[in-house]
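The values are calculated or read from the model by the stated rules, or taken from the named source; none is laboratory data. In this text the structure is predicted, and so the values were computed from the model without any measurement. Glycine also receives a Cβ, built like all others from the backbone with ideal geometry; neighbour counts cover every protein chain displayed.
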Amino acid sequence: MPRQPIVARTLAELDRVTACYRTEVGRIALVTTMGALHAGHLALVRFAQTKARRVIVSIFVNPTQFAPHEDFGSYPRTFETDFAALRATGVDLVWAPKAEVMYPPGFATRVAPEGPAVVGLEDKFRPHFFGGVATVVAKLFTQVRPHMAIFGEKDYQQLKVVTRMAADLDHRLDVIGVPTVREPDGLALSSRNVYLSAEERARAPALHRVLRECAARIVEGKPLAAVTTDGAAELERTGFVVDYLAARHAETLAPIDSAADGPIRLLVAARLGKTRLIDNIGV
């Protein structure tokens, strides 16, 4: 039977447990989450367990990455269900601080990432987002001091932002990306999928289907601009409102003009009704 994870809610509690972990032989892995856990999060945990002796999962709905008009207030908060899933998976420690622990009175410092954070993708439509993500992740890395941090590739731009930040700020840990977990029909798992109506859920797999069709056309040698324009138009016909469908350099996320310019990552963000979905694939 899996052991009961320890729950830490204060920095003193976190320090007491992690100090013990650091006396052991073996590595510590961190999986950062905002809760509302699904099979994709648990896949990150299981991957971490193959790489580290101790696995810590953080649960914190970070207010600084939400704009005033976004869904911070309605974002699912399901700690008891999440804890049961983590217990069944055999997690060692759940770091679940309150907002006043992460952002105490007088907090006035913010990480302002550049590089892959300012390439005209998520940053164009959510200009507040990566500053909030980089700030909270930098704090989590400092608090936990893991040897590695495990992130899903579904949030690909976020993965690249965090990887760059960890290197630039000398966190001295490995940031590891894990492939996206999908439903059988191809839809990427996301905590926001619960917002989809039945009709929207039936249309949602078109996001991944169009990405795969675009990738196939690029492999055939079709021009990138034509491929992404046609792909966006197909999504619009399916009922999406497209923010972007872009072909970018897979490492830097810089715009590229042709397949010869480097490894390609296709990234998309689009809305179905009130739900905004993102996805990406390599070419």
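In table form, for the structure just shown:
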{"quantity": "Within segment 227-249, considering residues that are among the small types (Gly, Ala, Ser) and under 17 Å from residue 271 (Cα atoms), the one surrounded by the most Cβ atoms within 10 Å (Cβ to Cβ)", "calculated": "231"}
{"quantity": "Scope segment 254-283; condition part of a strand (DSSP E or B) and of a type in the set (Val, Ile, Thr); matching residues", "calculated": "264, 268, 275, 278, 281"}
{"quantity": "Where a residue in segment 88-112 is farther than 17 Å from residue 132 by Cβ and in contact (Cβ under 8 Å) with a residue 12 or more places away in the chain and its partner, wherever it lies, is among the aromatic types (Phe, Trp, Tyr) and not in a helix (DSSP H, G or I), with Cβ under 8 Å and at least six apart", "calculated": "95/60; 96/60"}
{"quantity": "Scan of segment 70-121 for residues that are within 22 Å of residue 144 (Cα to Cα), exposed (fewer than 13 other Cβ atoms within 10 Å of the Cβ) and hydroxyl-bearing (Ser, Thr, Tyr), ordered by number", "calculated": "109"}
{"quantity": "Any hit, segment 73-89, residues being part of a strand (DSSP E or B), under 21 Å from residue 154 (Cβ atoms) and in contact with a helix residue (DSSP H, G or I) (Cβ under 6 Å, 6 or more places away or on another chain)", "calculated": "no"}
{"quantity": "Residue in segment 104-113 that is part of a loop (DSSP other than H, G, I, E, B) and under 27 Å from residue 39 (Cβ atoms) present", "calculated": "no"}
{"quantity": "Residues satisfying the stated conditions in segment 252-265, i.e. charged (D, E, K, R) and either in the same structural domain as residue 118 (by TED's automatic domain parsing) or modelled with pLDDT under 95 (or both)", "calculated": "257, 261"}
